[in-house]
């Protein structure tokens, strides 16, 4: 029996690979002969030789690797080492980074690049390289959720798909304009139930625009809300496509059960038009606000810097508009010119310059210079290390309110004055204090009190900077009162006296399931 090793190189340990398990299940069902299939998972942080050693330990006849934007830069060396270790093995590549750059990968050591859906094309390759036409309706869907899959999951982020394709034509996306094919609803529900009983904490649905079919989305949401589980379900959605019926249902969800990622990308209409992005921004804003108002859903909003016709000034306006929604996360990403995307084909004529190596990020354009991107990277650094991590939220909100500085300018000021590159949290907090206290109308006592409040909610008071500590005999009284209210002992650093003299304490056993912050109480 021939041996096959399917290799998944993930971006982080907390991630798991769905693709490898889907292909393994496809081989089991569709290959004409039996194979010994093993799955090797690693991360981009593992040494290449270590990854190859794990693969070679199985003495495979065939090695299949999925190539993605996050692991592509490692693969040429891995292919070279595999060829040296396993000279007779066939090295098979698939995935978006491979299929849109076939000649490069064949020249880098791959024997074959498979195009199409791996659970079908891989067994077709095994069946004497005959690539069959696939049923467009997915009525022969392959179920990857075997006992072996769940044994290997080990609490990591789990993935599931209920459909493939996307009806929209965004020029930066590889799924643009592909026919949407839906998997059988009963199969979807069975898989969601299985995953809800696994040890995964977060289950991410990989459908490109999950709610493009409102009726189907409603049925799946309704099913998930009825499950007896502590899992969080993450969806990529278009906010403007939600109808009132679905909004009403979602507002009844248990806190923390649902998490949405909304790709707004820009509020600059010419940029959206040039990217073939069809969005009703007004409707999207209304729906996001409605969903946030219930306080039970974690909301993640995306912007892309570098889209055609959006200058730095234009992007600042987009940023301000998006931040005003007060989603829990505002992701500032940078345009990537992916192989196979329409914008990559248009890049030369548009004057867009990008890095030729993964992840193919934009360097400059007629609308944004390299200096502009440096500026935006500084904004992104501060945003990702403060607001997007739930850090210093009340302090930032206070500064924005009293000083009249814009969010864009505040994050840029923090990003330039206190770039967080390995800085520990207490030292970073002190730098932020120094920056904010210099802004107009910021009251020192009020701001420092809010920093103490934030610190308690963020990290339960651990390692609070000395500058925020108040040595006060009342602290013992605060601790005693907190113990009485909570009905248990607390650590000394879970209570504090602020500069104003007010006592506060944190309930370290009660964490908001939506924000992830601990509850803080005043005495």
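Please arrange 494, 310, 290 by counting, for each residue, the other beta carbons lying within 10 Å of its beta carbon, fewest first.
Details: 494 23, 310 28, 290 16.
By the 10 Å Cβ count, ascending, the order reads 290, 494, 310.
Looking at the stretch 157-368 only, what percent of DSSP beta bridges run antiparallel? Nearest 5 please.
Details: 6 of 29 bridges.
Among the beta bridges of the stretch 157-368, antiparallel pairing accounts for roughly 20 percent.
Under 10 °C and 1.306 mPa s, how fast does the stretch 444-522 diffuse according to Stokes-Einstein, given a Kirkwood radius computed over C-alpha pairs? Answer in µm²/s, whole number. Before the final figure, lay out the partial values.
Numbers: Rh = 12.4 Å.
Calculated translational D: 128 µm²/s.
Could you work out [θ]222 nm for the chain from helices alone, using -39500 (n - 2.57) per DSSP H run of at least four and dividing by all its residues? Round to the nearest 500 deg cm²/dmol. Provide the component values of the computation, followed by the final result.
On the way: 20 runs with 209 residues, N = 523.
Value at 222 nm, helices only: -12000 deg cm²/dmol.
What do the square roots of 5 times the Cα gyration tensor eigenvalues come to for the stretch 262-382, in whole Å, largest first, as semi-axes of the equivalent ellipsoid?
Working: eigenvalues 137, 47, 34 Å².
Semi-axis lengths for the stretch 262-382 are 26, 15, 13 Å.
Restricting to Cα pairs below 8 Å that are 6+ residues apart, what does the relative contact order work out to for the chain? Please round to a whole percent. Don't jump to the answer; show the numbers that get you there.
On the way: 936 pairs, mean separation 45.3, N = 523.
Answer for the chain is 9 percent.
What's the angle, to the nearest 10 degrees (0 to 90), between helix 312-323's Cα axis and the longest principal axis of the chain?
Relative to the chain, helix 312-323 is tipped by roughly 70 degrees.
So how tilted is helix 75-85 from the main axis of the chain? Cα-based, degrees 0 to 90, rounded to 10.
50
For the chain, give the share of DSSP beta bridges that are antiparallel, in percent and rounded to the nearest 5; count only bridges with both residues there. Show your work: numbers first, answer last.
Values: 14 of 57 bridges.
In the chain, DSSP labels about 25 percent of beta bridges as antiparallel.
What ranking do 380, 222 get, fewest neighbouring Cβ atoms within 10 angstrom at the top? Let's see the in-between values first.
Details: 380 22, 222 13.
With the fewest neighbours first, 380, 222 line up as 222, 380.
How would you rank 407-414, 262-269, 96-103, highest first, on the average number of other Cβ atoms within 10 Å across their residues? Walk me through the numbers before you get to the answer.
Working: 407-414: 21.4, 262-269: 23.1, 96-103: 18.6.
Top to bottom by mean Cβ count within 10 Å: 262-269, 407-414, 96-103.
Give the order of 185, 464, 484 when sorted by the count of other beta carbons within 10 angstrom, beginning with the fewest.
Details: 185 13, 464 19, 484 9.
With the sparsest Cβ surroundings first, the list reads 484, 185, 464.
May I ask what percent, to the nearest 5, of DSSP beta bridges between residues of the stretch 444-522 are antiparallel?
Numbers: 8 of 8 bridges.
Antiparallel: roughly 100 percent of the beta bridges in the stretch 444-522.
How do 292-304, 76-88 rank on mean C-beta neighbours within 10 Å, highest first?
Values: 292-304: 18.5, 76-88: 15.9.
In decreasing order of mean packing, 292-304, 76-88 become 292-304, 76-88.
Once the Cα atoms of helix 425-437 and of the chain are each reduced to a long axis, what angle between those two axes, in degrees from 0 to 90 to the nearest 10, is obtained?
Tilt relative to the chain: about 60 degrees.
Values in this text are rule-based calculations from the coordinates and carry no lab data. Bear in mind that the values here come from a model prediction, so they are computed numbers and not experimental data. All Cβ positions, glycine included, derive from the backbone under ideal geometry; neighbour counts span all protein chains shown.
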